[in-house]
Structures are given as structure tokens and as C-alpha cells.
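Peer 1: A single structure is presented below for examination.
The values are calculated or read from the model by the stated rules, or taken from the named source; none is laboratory data. Values in this document were obtained by computation on a predicted structure and should not be read as measured data. In this analysis, Cβ positions are derived from the backbone assuming ideal geometry, glycine residues included, and neighbour counts consider all displayed protein chains. When the accessible area is computed, the model is the full protein with side chains, heavy atoms only, and any ligands, DNA or RNA have been set aside. Shrake-Rupley method; radii C 1.70, N 1.55, O 1.52, S 1.80 Å.
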Amino acid sequence: GERIARNSIIQIHFDEPIRPNAITGLAQNPAFVNIIYGDVNVRGAWRVANSYQTVEFIPEEPCGANSCGDPMFCLSLTCPDGEPNCTSQPYQILVRTGALLSPGGANFEAIPFSGVVDMADNALDGDSDGTPDGKPAMPGDTFARIGSTANPPNEDQPDNYLWRFIVENRIDRTAPNIVRMTPAIDGEDVVSDAPVRIWFSHVMSVESLGNIAIAEFGLPAPQEDDQPVDPMWFRPRADIAENRTVVSVDHRVFGPNRQNAYYFTSIPSTVRAVNQNCVYPGRG
């Protein structure tokens, strides 16, 4: 039921890591049938991110440039030019669960590569009721008859997951910015395991968050009795809260061996919102 702009990236967030080869592929590729649109003409790619817990759909149709001058891509609409009130028929996306090894049994163990499964090959629980309902029968053409009772089989049932939304004939050009972060700018006496969090003003493209980085400077040369120090490592993870993205950056301890160091967190313009616009560094 949500209404979105044409330049929106579509996101699916799972509560645990999913096998990446089950959720990545081209929408128009007949061999990729685990996540499908109700319209075979929708073109673009599903890409996995966020430690295999998020998959994003990037449309294929060019529609101008974003705020950094880079190409932007839009969901397709059959609307006359200059008609802002025109909308799509409801877009439909079906996520197909994996086929159970023991249909009618008490667990979610699924046949590998048979649908959307977690890293232990447990099938998607599409209605989140804890009951393994199994994979509904698929139509022969793999695309048609989503949620249709007129042309069975009808796949709009557990444990598949189906949702619909409206695409409006408009481009959203609002720029995302940083609302707040921890540790604070020029913060001192930061503890070694301090959480690094960044609150954005928008829902962000999770794939782009991999461009966030932490650099370490000024760490003294190790002394003979110091414990070995791993190179500085970090890993951004994304959550959605109040229709915004909150990024938590896992990291190696700050100031190893109780030594002082300086840390610089960089968020470049390649970090973008789901409307594909670049983060605005001077606002917020």
C-alpha cells in the first residue's frame, strides 16, 4: 500500500543471514525465480548486502542524474510525460520459500537451492507463525498468476511472502544527511569497545553503506611486552528505526594495549539513500 517515487530502491530485510545465491539475480532472468515481480517486464538486479540480511533491487531504466551527477535508475511506468498524478498498477513482489525436506513435518529444513533459505537451509517462514507450511505449488511459467484465484495455483499463501505498493510518476531528489553519531565529534576518553553508530535522516541504500570507513592514526610503536595488535578492522551493519537507517559499525578495539590513538570516520558521497541521492555532508 505504500506510495513511492520512481527512483526508489526496493529493499527486503531478513531477521538473519540468508543464502546469498538464493536472493541475488536479474529480475528478467527466467532462471531466477525465488524473488519475482508480478510483471515480467520489470528489469533490474537483486543484490545482497548487510552481511546477507538485506537484498536490494536496483532498476535498470536510466532516468537522469542524482545530486552527485551520477546516473540514476527508475522503476518503469507507462505514464505520459509531465503527468505527475499518474501512478502504476500495484507493483507485486513474491518471495518464494524453500521446499521442505519433510512436508507436513515439524521443522523448516529445506531442499538446498529450492527457494529462500537461511544459511542452515531452513525455509522462509513467510507468515512468521513458527509453523512450516511448505512451499505452495508454482505455475508453469513461474511469473503469472501471483495472488490470482482465477488461474490457480495461487501462490499468495504461506510460507511465501507477497506484498504490493504503488509507484508514483515523480523523482524524489531530497538529500539524506547525518542526524547524529556516537562517539561525538572530537570526543575524548572514548573507551576501547565504544559503539560506533550513525543515525541518518532517510532510509539508506544498504549496499552503499559499505563505503563507510574508520582510519586509525598515531598509535605508538609496539613495546616488547605488548600484546600483538590486529590491523584496524570495521564492518557497518544497518537497521531500520522510525523509517530511518541506523548504522552500527563493528570494529577492533580502540586504543589497543591502553595506548592513545586518533580515529577518523569517513562517510563519502557514495553513501546514498534509497532514492539514490548522495549524503549531504554539510547539513544535520
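Peer 1: Any idea which residue in the range 217-261 is least open to solvent (accessible area, probe 1.4 Å), counting only those that are among the polar types (S, T, N, Q) and part of a strand (DSSP E or B)?
Peer 2: Across the range 217-261, the extreme among qualifying residues is T245.
Peer 1: Out of the strands (runs of 3 or more DSSP E) lying entirely within the range 1-77, which hold 1 or more residues that are basic (K, R)?
Peer 2: It comes to 3-5, 44-49.
Peer 1: Counting just the residues of the range 206-216 that are surrounded by 16 or more Cβ atoms within 10 Å (Cβ to Cβ) and not hydroxyl-bearing (S, T, Y), which one comes out farthest from P183 (Cα to Cα)?
Peer 2: Result: E207.
Peer 1: Confirm whether G98 is open to solvent by less than 30 Å² (accessible area, probe 1.4 Å), touching a Pro at 6+ places or on another chain (Cβ under 6 Å) and modelled with pLDDT of 95 or more.
Peer 2: no
Peer 1: Based on what the data block shows, is V167 part of a strand (DSSP E or B), farther than 30 Å from P90 by Cβ, touching a residue at least 24 places away in the same chain (Cβ under 8 Å) and open to solvent by less than 40 Å² (accessible area, probe 1.4 Å)?
Peer 2: So V167 fails the test.
Peer 1: Here's something else I'd like to know. When you go through (1) closer than 21 Å to A273 by Cβ; (2) open to solvent by less than 80 Å² (accessible area, probe 1.4 Å); (3) of a type outside the set (S, T, N, Q) one by one for R47, which number turns out not to apply?
Peer 2: Result: R47 passes all but (2).
Peer 1: Do we find that N85 is of a type outside the set (V, I, T), closer than 21 Å to A5 by Cα, surrounded by 15 or more Cβ atoms within 10 Å (Cβ to Cβ) and out of contact with any Phe, Trp or Tyr (no Cβ under 9 Å at 6 or more places or on another chain) in this structure?
Peer 2: In short, no.
Peer 1: Here's another thing I want to ask about it. Residues to consider are A31, A22; find the one that is buried (at least 16 other Cβ atoms within 10 Å of the Cβ) and more than 25 Å from R244 (Cβ to Cβ).
Peer 2: Sole residue among the options that is buried (at least 16 other Cβ atoms within 10 Å of the Cβ) and more than 25 Å from R244 (Cβ to Cβ): A22.
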